[in-house]
1. Expressed as a whole number of Å, what is the distance separating the alpha-carbon centroids of the range 1-31 and the range 60-120?
2. Contact order normalised by length for the range 391-486, with contacts defined as Cα pairs under 8 Å and 6 or more residues apart; what percent is it?
3. Express in Å², to the nearest 10, the accessible area of Arg433 obtained by rolling a 1.4 Å probe over the protein heavy atoms while all chains stay in place.
4. Once the convex hull of the alpha carbons of the range 548-609 is built, what does its volume come to per residue, in cubic angstrom?
5. Tell me the relative contact order for the range 547-587 as a rounded percent, counting alpha carbon contacts under 8 Å between residues six or more apart.
6. Only bridges with both residues in the range 213-368 count here: give the DSSP antiparallel percent, nearest 5.
7. How much net charge surrounds Val608 when only other residues with a Cβ under 11 Å from its Cβ are counted (Lys, Arg +1; Asp, Glu -1)?
8. Suppose a student asked you for the relative contact order of the range 252-345, using Cα pairs under 8 Å spaced at least 6 residues apart; what percent would you report?
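The values are calculated or read from the model by the stated rules, or taken from the named source; none is laboratory data. The shown structure was predicted, so the numbers you read here are calculated from the model rather than taken from an experiment. Cβ coordinates were reconstructed from backbone atoms using ideal geometry, including for glycine residues, and neighbour counts include every protein chain displayed. For the accessible areas, the whole protein counts, side chains as well, though only heavy atoms, and no ligand, DNA or RNA atoms are used. Shrake-Rupley method; radii C 1.70, N 1.55, O 1.52, S 1.80 Å.
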Amino acid sequence: MCGIVGYIGGKNAGDVIIDGLKRLEYRGYDSAGIAVISEGAIESRRSVGKLAELGKILRSKPLKGLTGIGHTRWATHGKPSEENAHPHTDCSGKIVVVHNGIIENYLELKKILASEGHKFKSETDTEVIAHLIEKNFKGDLFKAVLETLKTVKGAYALGVISSDDPDTVIGARQDAPLIVGLGNGENFLASDIPALLPYTRKMIFLEEGDVVKLNKDGVKVFSKDGREIKRETKNITWDAVQAEKGGYKHFMLKEIYEQPQTIQDTILGRLFIGEQKIYLEDVKIDDKKLNGLNKVYIVACGTSYHAGLVGKFLFENLVKVTAEVDIASEFRYRSPVLDKKTLTVVISQSGETADTIAALRLAKQSGSHTLAICNVVGSTVSREADDVLYTHCGPEIGVASTKAFTGQLAALYLITLDWAAKKGSIKKDEFVRLINEFWETPSRIREVLKADPQVAALAKEFSQKRDFLFLGRHVNYPIALEGALKLKEISYIHAEGYPAGEMKHGPIALIDENMPLFVVATKSAVYEKVLGNIEEAKARGGTVIALATAGDKEITAKTDGQIYLPEVDEFFAPLLTVIPLQLFAYHVAEVLGCDVDQPRNLAKSVTVE
Ligand code: AGP
């Protein structure tokens with residue numbers, strides 16, 4: 001997620017901004033930049049890489065000015081490069097913008113602006129905003145921004161300054177966080193609290209649609225239509241470490257709670273619900289190759305492998321193409337049959353997992369078209385695959401993958417729904433029904449997160465158990481595997497995920513009062529079968545916790561603990577059923593005093609074999 005800092009006051013803006021951006025480094029970035037108003041003109045410095053690179057440039061070419069904006073960029077549109085680094089300017093160089101978010105309609109706006117003579121220097125969606133403000137500027141920067149916001153669609157946190165209006169910093173927020181810091185004779189803008197703490201604890205948390213005008217002696221908040229509104233000033237008591245975790249005790253919990261936003265960020269600019277279409281600009285595979293595919297291999301490790309197992313259902317049920325899922329460290333040493341009619345999908349949060357990179361290279365050498373689903377722009381996997389679809393989850397700090405997993409699922413739904421529509425392998429009305437179901441995911445996950453207290457209570461009750469079984473069927477079998485992995489990797493409790501229908505083929509011998517079972521038993525075509533598996537376990541003295549659909553009384557009568565989820569089309573159930581299992585693992589590990597964010601023996605990215 002990008003970082004924004006803005007300043008206006010009596011200090012040297014450049015110093016305040018760089019210091020603030022450093023406190024936002026945890027958000028992850030691949031380039032950075034800063035612009036100030038210096039002697040009536042805009043001066044800016046930008047660099048690829050870390051802030052230390054920008055610092056070197058600033059030491060050799062310092063910036064002097066009392067008004068400025070700065071940015072650390074987590075690339076979404078356009079590779080990490082100096083020309084794509086923010087701030088971005090208009091044609092005149094008098095207006096500069098920094099932006100966090102995704103402008104969904106930037107391509108059409110860019111075409112219109114270019115036809116009107118605007119010259120673009122970057123591949124980013126952000127630069128379009130600078131040219132729109134220029135087009136709307138009639139001497140009042142605030143009004144020009146208001147006009148501009150009427151035409152852009154998507155998510156944005158903005159910082160804007162102009163040398164034609166040097167005593168003002170404008171901010172705006174829509175589906176991306178932006179905070180105002182209130183000082184004495186100085187005021188601040190930032191994406192998050194840590195950037196502001198050294199200067200002020202008085203903050204205004206802008207709300208959706210807010211536009212804010214900062215002068216050095218005052219701050220005014222407006223609605224999108226220009227009406228001044230009152231926003232509460234909060235006094236923040238957090239220290240810097242608490243602030244980086246957004247007030248959560250661990251990054252993992254923060255990242256579990258970020259999932260409604262990260263899924264929305266991954267969908268935004270790709271699923272256009274009004275137009276009933278999906279547009280994946282990064283994925284270039286043409287229709288001829290798509291229609292010629294006779295097999296899909298999905299290859300990954302760990303949690304990403306579990307996402308691939310869900311992907312298998314999607315490719316086979318929607319795109320009607322055979323899909324085989326393999327663990328990368330196995331795939332790379334087998335002799336998989338790959339050719340030009342094979343698509344190899346590699347899934348990797350980090351894009352640096354050694355086995356997954358090796359599998360990707362093997363697939364490419366064998367002539368297979370390769371598609372990467374990745375969270376890190378510019379990572380090895382994303383650079384070497386023929387096509388890449390990025391998850392827009394921001395950096396995942398916790399070693400146990402959570403938001404990256406649901407981001408990977410969201411990417412798989414986007415790809416398979418888009419290709420099913422292109423191939424005509426599902427009917428138009430089914431496609432429309434499915435994308436409308438998909439669109440509801442962020443709000444449904446918010447509903448599921450409300451069950452956190454019940455999950456925490458169950459975690460406390462079961463935290464002393466030394467073994468667990470996680471059972472699921474069909475599209476929820478991968479979720480059983482993922483729930484087991486989450487529990488074992490952060491609480492060090494032995495846990496196994498299993499297809500519920502396999503119990504009779506051996507594992508049922510394990511069941512007794514010391515082997516609790518977590519069963520994914522939401523309403524589905526295989527619900528009755530899962531119910532039968534629950535009864536088999538109960539008949540052998542097993543303790544069963546069920547993930548169930550809200551209102552399901554039958555499950556309540558048959559199980560020892562329940563977590564209820566909102567009704568959802570079984571196809572999209574994995575996006576919801578994984579959440580309570582993430583929370584369960586988190587709370588058990590927390591109760592046991594484990595190092596939740598940095599579990600023993602594990603690394604965030606396994607860059608060696
Ligand atoms: C998941 O919680 C683990 N941290 C691990 O299994 C991880 O998913 C695996 O190492 C793959 O990493 P990648 O997605 O970065 O390739």
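1. Measuring centre to centre over Cα atoms gives 16 Å.
2. On the way: 30 pairs, mean separation 14.1, N = 96.
Once divided by the residue count of the range 391-486, the mean separation gives 15 percent.
3. Its accessible surface works out to 100 Å², give or take rounding.
4. Details: hull volume 8.9 nm³, N = 62.
Spelled out: Cα convex hull of the range 548-609, divided by residues, is 144 Å³.
5. On the way: 24 pairs, mean separation 15.0, N = 41.
Contact order relative to length: 36 percent.
6. Numbers: 7 of 17 bridges.
Of those bridges, close to 40 percent are antiparallel.
7. Details: positive: none; negative: Glu352, Asp355, Glu609.
Summing Lys and Arg as +1 and Asp and Glu as -1 gives -3.
8. Values: 84 pairs, mean separation 26.5, N = 94.
So the answer I get is 28 percent.
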